[in-house]
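S.K.: Next up is a structure, given as structure tokens.
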Amino acid sequence: MEIPEDAKEITSLQVLAEAKEPFETVAVVNGTTYRLAGKLFRASETTDGKEYVRIELNYLESSGGSVMQIKSNVMVEVDNEVRMGGVFRGPTSVGLILSLKQPDDAPAR
């Protein structure tokens, strides 16, 4: 499923994480709780020259009695985004997009 050009970002969670250390961030917006937790692992050397990170991911969104949860292990290329999943809510759909960014001031590897 492609993301339409007129798609609207509803929420954005950001967390600073180090490899092999657990991370978690929680936000409550208009009565809806958003939780993103997990752990990063640097991938071993790749043959395509790109930098990948494996992420153990647990995303939870809850509002009233409604809960959406996505648990996954995913390989993500640094500075790229991947669509993780989503649900339909009436005439609209809601999706989770994961993007891994390396800070500009990160030490060289």
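The values are calculated or read from the model by the stated rules, or taken from the named source; none is laboratory data. Just so you know, these numbers come straight off a predicted model, no measurement behind them. Methodologically, a virtual Cβ is constructed for each residue, glycine included, from the backbone with ideal geometry; neighbour enumeration extends over all protein chains shown.
S.K.: Would segment 57-65 turn up any residue that is in a loop (DSSP other than H, G, I, E, B), exposed (fewer than 10 other Cβ atoms within 10 Å of the Cβ) and either in contact (Cβ under 8 Å) with a residue 60 or more places away in the chain or not hydroxyl-bearing (Ser, Thr, Tyr) (or both)? Step through it out loud before you land on a result.
M.R.: Here is the first cut: in segment 57-65, the ones in a loop (DSSP other than H, G, I, E, B) are 64-65.
Then drop every residue that is not exposed (fewer than 10 other Cβ atoms within 10 Å of the Cβ), which leaves 64-65.
Okay, now just the ones that are also either in contact (Cβ under 8 Å) with a residue 60 or more places away in the chain or not hydroxyl-bearing (Ser, Thr, Tyr) (or both), so 64-65.
Yes, that holds for at least one residue.
S.K.: Quickly run through segment 1-24 and pick out the residues that are at pLDDT below 90 and not in a loop (DSSP other than H, G, I, E, B).
M.R.: Result: ALA19, single match.
S.K.: Among the residues of segment 71-88, which ones are at pLDDT below 85 and of a type outside the set (D, E, K, R)?
M.R.: Kept after step one, since they are at pLDDT below 85, are these residues of segment 71-88: 76-88.
Of everything in segment 71-88, those that are at pLDDT below 85 and of a type outside the set (D, E, K, R) turn out to be VAL76, VAL78, ASN80, VAL82, MET84, GLY85, GLY86, VAL87, PHE88.
S.K.: Could you please find all residues in segment 57-82 being touching a Gly at 6+ places or on another chain (Cβ under 6 Å) and closer than 13 Å to LEU100 by Cα?
M.R.: LEU57
S.K.: Does TYR34 satisfy being more than 23 Å from GLN102 (Cβ to Cβ), part of a strand (DSSP E or B) and of a type in the set (Ser, Thr, Tyr)?
M.R.: Details: more than 23 Å from GLN102 (Cβ to Cβ): yes; part of a strand (DSSP E or B): yes; of a type in the set (Ser, Thr, Tyr): yes.
In short, yes.
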